1. Note down the nm distance, to one decimal, between modelled labels 7 Å out along Cα→Cβ at residue 328 and at residue 84.
2. Given 199/269; 124/367; 195/269; 245/311, which pairs have Cα atoms separated by over 27 Å?
3. Taking the Cα centre of the stretch 198-357 as origin, sum charge times position over the Cβ atoms of Lys and Arg (+1) and Asp and Glu (-1), and report the length of that vector in debye to the nearest 20.
4. Can you tell me the FRET efficiency between residue 222 and residue 254 if r is taken as the Cβ-Cβ distance and R0 is 41 Å, rounded to the nearest 0.05?
5. In nanometres, what is the gap between the two model label sites at residue 138 and residue 152, each 7 Å from Cα along Cα-to-Cβ?
6. Could you work out how far the C-alpha centroid of the stretch 272-287 sits from that of the stretch 149-211, in angstrom?
7. Using 1/(1 + (r/R0)^6) with R0 = 22 angstrom and r between the beta carbons of residue 97 and residue 374, what's the FRET efficiency to the nearest 0.05?
8. Along the Cα-to-C-beta direction of residue 70, a point sits 7 Å from the Cα; which residues of the stretch 102-117 have their amide N less than 20 Å from that point?
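Nothing in this text is a laboratory measurement; each read-out follows from the coordinates by a stated rule. Just so it is clear, the model here is predicted, and its values are computed rather than measured. Here Cβ is always computed from backbone atoms with ideal geometry, including for glycine, and neighbour counts include all displayed protein chains.
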Amino acid sequence: MMTDPKDDKFAEASGRDEAGDPIPAAPPASATPVATPPSPAPAEVAHKDAPVAKEAGNAGRPDRTGKRAAPILRVEDLRVAFDIRPRGAWPWTPSKKLHAVGGISFDLAPGESLGVVGESGSGKSTLARAIVGTIPSTGGRIEFEGQDLASMSERQRRVHRKDVQMVFQDPLAALNPRMTVGDIIAEPLVTHEPKTPRKEVRRRVAELMERVGLLPNLVSRYPHEFSGGQCQRIGIARALILRPKLLICDEPVSALDVSVQAQVVNLLKELQRDMGLAMIFIAHDLSVVKHVSDRIVVMYLGRVMEVAKSKPLVTNPEHPYTQALIASVPIPDPVLERARKRPVLGGELPSPMSPPSGCVFRTRCPKAHPDCADGLPPMLDLGDGHRVACPYHEEPSVLDAARQMAG
Ligand SMILES: Nc1ncnc2c1ncn2[C@@H]1O[C@H](COP(=O)(O)OP(=O)(O)OP(=O)(O)O)[C@@H](O)[C@H]1O
């Protein structure tokens, strides 16, 4: 089973998280161009008589009194579709709809960290952009601090843009090559709070550079003088300068070397905890997501397949898709990896222009039943915030089959 710490690419962890899992270690710094200081869907059509969860989410952590905090973010039956017109088509040719997000629901509590995993094309970035407000939703509702995003006034939108910040996948591409690092980090502050005295701007930039592990005296350098990991630290500092309440990290480490990935993952985890940030951490790699997330949402073709706290999701996944994702995580040791037999997720992700009827995963599901084509599977509540969109989740796990194959 992939959750064995030995199988994990962060296995050289120096400590353990509260779930008892190893946390990624900060490996020795790789050669870098400049010095870095020591780093400080609700059920729609149920086709079984099964208990149905109202939401695919769960408003976050209990506070000291045991009460659950009101969610900072509530996503309810969110849909995002794009109009697609074939290249070279006549202007009057009717466009087709590409359903990138097809009815997603979850909650996020203040200070909670939520992982979102799924293959490329499952709608993760579209979900992120809809929450930030850079693309409109075509259905459902996004509430931030109780305010419906779609009906916000211009003033409320400005506040929302400050409170919700993003860290992007390609750090170098996300930074303006003509601006100094100091100006890049300061830009959101100067734009949103233009009356901030220059001395205070400089102070906050220096403080953040130090906090993310960059020497403040590099403030006048340009992005090309930094390594990929350092550029991502610059991107993180820029995202934090407005002291946001929610940080959305969209594949923040996928473009980085594996050794640097662990450093950046650790940094994000530390910042999230120390600053009490709510965080959505998007990645296709479950072994990265589990280290930073209190809970994980598993997406497939624009829909939620499973939601649970990180530990149970990884050790006891219920949905065949989650099981297949876990079974397909490679083992870093090439000998063990060659010896391992694992069920490979067959076929390609279907086109979101014409998704399968019923359960969208059924065309690749090793457990598919004929009635999976009949209607959307119910989102079943297994207790403790664990929800799964599969009425056949109690059948033997795909992972059990993998273990048997491996002998
Ligand atoms: N602006 C757009 N116009 C048309 N289609 C889009 C647009 N943005 C995304 N899509 C499509 O929506 C679907 C979901 O894309 P999205 O980028 O959200 O997935 P993802 O899970 O983030 O994948 P990746 O990990 O590759 O970024 C894909 O089929 C993609 O081609």
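1. A separation of 1.9 nm, rounded to one decimal place.
2. Numbers: 199/269 29 Å; 124/367 25 Å; 195/269 32 Å; 245/311 25 Å.
In this structure, 199/269; 195/269 lie more than 27 Å apart at Cα.
3. Values: 22 positive and 16 negative charges, 117 e Å.
Its charge dipole is roughly 560 debye.
4. On the way: r = 24 Å, r/R0 = 0.58.
Working from the Cβ atoms, E equals 0.95.
5. So the label points at residue 138 and residue 152 sit 2.3 nm apart.
6. Computed from Cα coordinates, the inter-centre distance equals 19 Å.
7. Values: r = 22 Å, r/R0 = 1.01.
FRET efficiency, residue 97 to residue 374: 0.50.
8. 106-113
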